[in-house]
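Shown next, in structure tokens, is the structure this report addresses.
Nothing in this text is a laboratory measurement; each read-out follows from the coordinates by a stated rule. If you're wondering where the values come from, they're calculated on a predicted model, not measured in any experiment. Glycine gets a Cβ as well: all are built from the backbone with ideal geometry, and neighbour counts include every protein chain shown.
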Amino acid sequence: MIKRARRLRKNDAIRSMVRETSLVIEDLIQPIFVVEGENIKKEIPSLKDIYHLSIDKLEDEIHEICNLGIRAVILFGLPNDKDEFGSSAYADDGIVQRAIAKVKELAPQLCVISDVCMCQYTSHGHCGIVTGDGIVDNDETLKYLAKIAVSHAKAGADIIAPSDMMDGRVGAIRKALDEQEYVDVGIMSYSAKYASSLYGPFRDAAKSAPNFGDRKTYQMDPHNRLEALKEMKYDIHEGADYIMVKPALLYLDIIREGRSRYELPMVAYMVSGEYMMLRNAVDMGVLSENIIYESVMSIKRAGADIIITYFAKYLAKKLKQTGSI
Ligand SMILES: [Zn+2]
């Protein structure tokens, strides 16, 4: 007798009833880039529809995000001043600290996640403190990351998201937060962040490209799978509350394995290059718009619980209009 799997695809009602994966607005995190200055809302040339916003321009953006039903944002700050030690990264009146406070004032119910790294703030563009030999000094960097994290918590961040890939950063940040009595501030660790070619548009957006060398001594080698599981294990052991894989679409196997192996919420960061590849393909008419939903859905199906994506507002609009796409 023929096994008739097609019975479950007979019509839309049946298909929707047996659907195994769903994407809801609560799964999405919208990235925001905040710049110094006033009255600035400037589209980032490398990231269509994504803007550099000054703090006074955050209000409209935050209201739109809340009205769409998005529950969380991740903030990136672009300072005016950079130095070797990234000192504007941990200043109480730094760009991202003021942005965190502003967003919390505008929408206390919105979950504010703050990216913790040094590359936007250092003159050399590396994610840590660089020694005279041009090496990123892991343990020295930890002290700075801890200071940055505490300054974000003080400003009101709900979750700290370290993206630097130094060894021991989750433990150092957890210890510093606890010592300052920020025990309820969570850590969303960029656990498996690969040295990917997909970050180009972000580096333009965040003005964070390294001015010498590359990031391969701290970001992961794209050939590796077991190493990603090891990084997740270390982060969990050090006190991470969420683990993350970045980028997403080329690393769905890593998302799946991490999700199957560990109990923590799995976050996937669908990065700038993934966004622009899809946007350009749709804008050029090469692929239909549904490719955006299908791509994000594949990240969910792979095992991500939460997705950071530049498509968050776009998807939320679609989901709000139709309930599903
Ligand atoms: Zn960095």
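Applying Stokes-Einstein at 37 °C and 0.692 mPa s to the Kirkwood radius of region 86-135, computed over alpha-carbon pairs, gives a translational diffusion coefficient of 265 µm² s⁻¹. Can you give the log10 of the normalised intensity I(q)/I(0) at q = 0.10, 0.18 Å⁻¹, computed with Debye over equal Cα scatterers of region 96-254? Result of the Debye calculation: -0.35, -1.17.
Rounded to the nearest whole Hz, the Karplus-based 3J(HN,Hα) values (6.51 cos²θ - 1.76 cosθ + 1.60, θ = phi - 60°) of region 106-116 follow the sequence 6, 8, x, 7, 7, 6, 9, 9, 10, 6, 10, with x at glycine and proline.
On a 0 to 90 degree scale, rounded to 10, what angle separates helix 58-67 from the longest Cα axis of the chain? For helix 58-67, the angle is close to 30 degrees. So which GluC sites (Glu not before Pro) in region 176-227 pass both tests, a DSSP loop state and at most 15 other Cβ atoms within 10 Å of the Cβ? Of the GluC sites (Glu not before Pro), the ones in loops of region 176-227 whose Cβ has at most 15 other Cβ atoms within 10 Å are 181.
Give me the base-10 log of I(q)/I(0) for region 1-87 at each q in 0.19, 0.25 Å⁻¹, Debye formula, one uniform scatterer per Cα, rounded to two decimals. Each listed q maps to, in turn, -0.94, -1.24. All other residues whose Cβ lies under 13 angstrom from that of residue 56 are scored, Lys and Arg at +1 and Asp and Glu at -1, for a net of -2.
What are the semi-axes of the equivalent ellipsoid for region 75-169, taken as the square roots of 5 times the Cα gyration tensor eigenvalues, largest first, in whole Å?
Calculated on Cα positions only, the semi-axes equal 24, 13, 9 Å.
List residues of region 230-259, by number, whose backbone nitrogen lies under 14 Å from a label position 7 Å along Cα→C-beta of residue 175. Output list for this probe position: 238-239.
Each stretch of four or more DSSP H residues adds -39500 (n - 2.57); spread over every residue of the chain, this sum gives -11500 deg cm²/dmol at 222 nm. Between amide H atoms placed 1.01 Å from N, distances below 5 Å from residue 116 occur with 161, 163, all of them 5 or more places distant or on a separate chain. Evaluating 6.51 cos²θ - 1.76 cosθ + 1.60 at θ = phi - 60° for every residue in region 242-259, the Karplus couplings come out as 9, 10, 9, 10, 8, x, 9, 5, 7, 10, 5, 5, 6, 4, 4, 5, x, 5 Hz, glycine and proline recorded as x. Only Cα sites of region 245-325 enter the Debye sum here, all with the same form factor; the resulting log10 I(q)/I(0) across q = 0.13 1/Å is -0.40, listed in q order. Placing pseudo-labels 7 Å out from each Cα toward the beta carbon at residue 139 and residue 211 gives an inter-label distance of 2.9 nm. Using the Kirkwood formula over every pair of different C-alpha atoms, what hydrodynamic radius in Å results for the chain? Its Kirkwood hydrodynamic radius stands at 20.3 Å. The slack between residue 25 and residue 9, meaning 0.36 nm per residue of separation minus the straight C-alpha distance, is 3.2 nm. Here's the list of lysines a cross-link from residue 48 could span, going by alpha-carbon distance under 21 Å and ignoring same-chain residues fewer than 8 apart: 57, 207, 246, 313, 317, 318.
Computed from Cα positions, the angle between helix 312-322 and the longest principal axis of the chain comes to roughly 30 degrees.
Excluding same-chain neighbours fewer than eight residues apart, no lysines are reachable from residue 320 by a Cα-Cα span under 18 Å.
To the nearest ten degrees, helix 226-238 and the longest principal axis of the Cα atoms of the chain are 60 degrees apart. For region 291-298, backbone phi angles converted through the Karplus equation (6.51, -1.76, 1.60; θ = phi - 60°) give residue-by-residue couplings of 4, 5, 4, 4, 5, 5, 4, 5 Hz, Gly and Pro being listed as x.
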